[in-house]
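A.B. asks: Here's a structure for you.
The values are calculated or read from the model by the stated rules, or taken from the named source; none is laboratory data. Computed from a predicted model, the values in this text were never measured in an experiment. Cβ placement follows ideal geometry from the backbone for every residue including glycine, while neighbour counts extend to all protein chains displayed.
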Amino acid sequence: MKSRLWHHLACDDEPTAALAAALGVNPIIARLLCMRGLADPEQAQRFLVAFGPIRQHFCPYRHLLAASAYRHLLASRFDTWRRIAASAA
């Protein structure tokens, strides 16, 4: 089984504030982007733009689903995403 741990990069307050100001996002979002290696505003913007159209695919209305149904639905959607991403590569 693959490890699901994220390897965070160090991110200081100045780059976080600059990224938040450049993108117009919450500083918490900017810090997360920075910690994932997306400290450059152009690179972070490309990530956010690419994520927008697929967001709903990974965010079902979980408050309307039982936990087991939610986990099954999300697993199915991630499998679909992996197949699509693999065929595009």
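A.B. asks: Just checking, which of Arg46, Arg77, Arg62 is among the basic types (Lys, Arg), modelled with pLDDT under 75 and either touching a Lys or Arg at 6+ places or on another chain (Cβ under 9 Å) or surrounded by 12 or more Cβ atoms within 10 Å (Cβ to Cβ) (or both)?
C.D. replies: When all the criteria are applied, what remains is Arg62.
A.B. asks: Quick one: count up the residues across the range 10-23 that are closer than 12 Å to Leu48 by Cβ and more than 17 Å from the chain's Cα centre (by Cα).
C.D. replies: 1
A.B. asks: Are there any pairs, at least 6 apart or on different chains, whose C-beta atoms fall under 8 Å, with the first in the range 9-36 and under 13 Å from Phe47 (Cα atoms) and the second aromatic (Phe, Trp, Tyr), and if so, which?
C.D. replies: Within 8 Å, the pairs are Leu33/Phe47; Arg36/Trp6.
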